[in-house]
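The values are calculated or read from the model by the stated rules, or taken from the named source; none is laboratory data. What you see is a predicted model, and the numbers here were worked out from it, not measured in a lab. A quick note on method: Cβ atoms are made from the backbone with ideal geometry, for glycine too, and the neighbour counts reach across all protein chains shown. The accessibility values were calculated without ligands, DNA or RNA, using every heavy atom of the protein model including side chains. Shrake-Rupley method; radii C 1.70, N 1.55, O 1.52, S 1.80 Å.
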Amino acid sequence: MFSSVWNFIKRHKKKFIFTGAVVGGAYLLGKYAQKKIKEVQEKEATEYIAQARRQFHFESNQRTCNMTVLSMLPSLREAVVAQLNSESLTALLKTKPANKLEIWEDLKIISFTRTIVAVYSTCMLVVLLRVQLNIIGGYLYLDNSVGKSVMSPLAPPDVQQQYLSSIQHLLGDGLTELITVVKKAVQNSLGGVSLKQSLSLLELEQQLSWIRAEVEADSDRSLSWYLLADDENALADQACGLTENDVMTIRLLNETRDMLDSPDFTTVLNICLNRGFSRLLDNLAEFFRSPPGDSAPSAAPDSLSVVSLPLAKIVPIINGQINTICSETPSHFVQDLLLNDRVKEFAANVYEAFSTPQELQK
C-alpha cells in the first residue's frame, strides 16, 4: 500500500509542488493584502479625523469673524459720525438761524454721504476681516497641527496683534479718503436738487446708482485701497521695525494685499455692496408706502414709483440709517453680509489656501 502511494507521489511530484506553491503564495498574498487594506483604512481614518478637525477649526474661525465684525461696528460708526457730524447741524437748525437754507443744504450732503460711506465701509469691514482672520486662522491651524515645530510658529501672538492692527487704516486714512470721494459724488448728484423737489423710491435708487458709479469709476484706485495701506513704506511703518516678528507681519500684509487685488475679492466685495445698497433701499421703502386708507396707489404694482417725498423729508430718514447699518446688534443689513453664501465660499478658499502645508501646494 505504501509503495503504491509513494509511486503515486513520484508520478505527480510536479503537481504537488505547484499546488503547494500556489497555496502558499495565496496565503502570503492574502496576508499582504490584509496588511495593505489595514494601512489604507488607518490612513483614511487619520485623514478623516484631520479633515474633521480642520473643518471644526474653520467653522470656529468664521464665528470669530462674525463676532469681530459686530464688535468693531461701533468703532466704525463713531469714526464716520466724527467726520460727518450731522447732529451739530440739526441742533443748529433748532435755533432758527438766518442761514437756515444753507445749513439744510449742508445737512443734505452730509446725511447722504455718511449713509453711503456707512454702506461702503461696513461691506469693506466684513470682507477685509474675512481675509485677515482666515489667513491667521489658516496659519494657526498649521501651527497647531501634529508634527509642526512650536519653535517656529507662522503666526505668533505678537505678529497677530501687529497684523490685525492694520484694520486701523480703514477706520482712519482709508475712511477719510473714502468720505472725500463719496462726498464729491453726492455733491455732483444731489447738489443741484432742490429740497422741495419730490423723489420716489425709484428716483432715489437712481441717485444712489449715479453716486456709486462715480465712486467706483476710478480705474487707478480700486476700492481695496481704502482697506489697506498701499505703499511699502506704510506697510513697514505698520510693522513698526525690523525684528523677526515685524518681517513676519510685513509678509502677512503683503499676502493680504495680494488677496485684496485678486478678482475673487473684487467680485465678493461687489456682491456685498449690491446687497448692502439693496438692503438700504428696503429700509427706505418703509417710508414710501401709501397710507393704509389710500388704496389706489398702494394697489398698483409700481406703487413705490408713485409715492414721492420731498427731499427735505428724505434727508432725516437717510441721516438715521447709519444706526441700522453700523449696528453691533445683529440687524438684517449685517446678517445679509455675514451669511452671504459667496462670502462664506470666499472665506473657505482663503482658509484652504493658508491652512495647506506649503509642501502640498508645490
For this session: Within segment 313-329, count every residue that is within 26 Å of Leu260 (Cβ to Cβ) and open to solvent by 70 Å² or more (accessible area, probe 1.4 Å).
Result: 1
Exercise. Mind checking which pairs have a first residue in segment 132-157 that is modelled with pLDDT of 75 or more and of a type in the set (A, V, I, L, M) and a second that is surrounded by 14 or more Cβ atoms within 10 Å (Cβ to Cβ) and not in a helix (DSSP H, G or I), Cβ under 7 Å, 6 or more apart or different chains?
Worked result: Ile136/Ala155; Leu140/Ala155; Leu142/Lys148; Leu142/Leu154
Exercise. Yes or no: Ile116 part of a helix (DSSP H, G or I) and either under 10 Å from the mean Cα position of the chain (by Cα) or more than 30 Å from Leu92 (Cβ to Cβ) (or both)?
Worked result: no
For this session: Go through segment 338-348 and give me each residue that's open to solvent by 50 Å² or more (accessible area, probe 1.4 Å), more than 11 Å from Phe265 (Cα to Cα) and touching a residue at least 12 places away in the same chain (Cβ under 8 Å).
Result: Lys344
For this session: Would you please name the residue that is modelled with the lowest pLDDT, looking only at residues in segment 37-94 that are basic (Lys, Arg) and under 29 Å from Phe354 (Cβ atoms)?
Result: Lys43
For this session: Look through segment 241-289, keep the residues that are under 17 Å from Leu202 (Cβ atoms) and among the basic types (Lys, Arg), and return whichever of them is surrounded by the most Cβ atoms within 10 Å (Cβ to Cβ).
Result: Arg279
For this session: Within segment 102-123, track down each residue that is touching a residue at least 24 places away in the same chain (Cβ under 8 Å), open to solvent by 10 Å² or more (accessible area, probe 1.4 Å) and either touching a strand residue (DSSP E or B) at 6+ places or on another chain (Cβ under 9 Å) or farther than 18 Å from Gly320 by Cβ (or both).
Result: Glu105
Seminar exercise, completed: Of Ala155, Ala185, the only residue that is in a helix (DSSP H, G or I) and in contact with an Asp or Glu (Cβ under 8 Å, 6 or more places away or on another chain) is Ala185
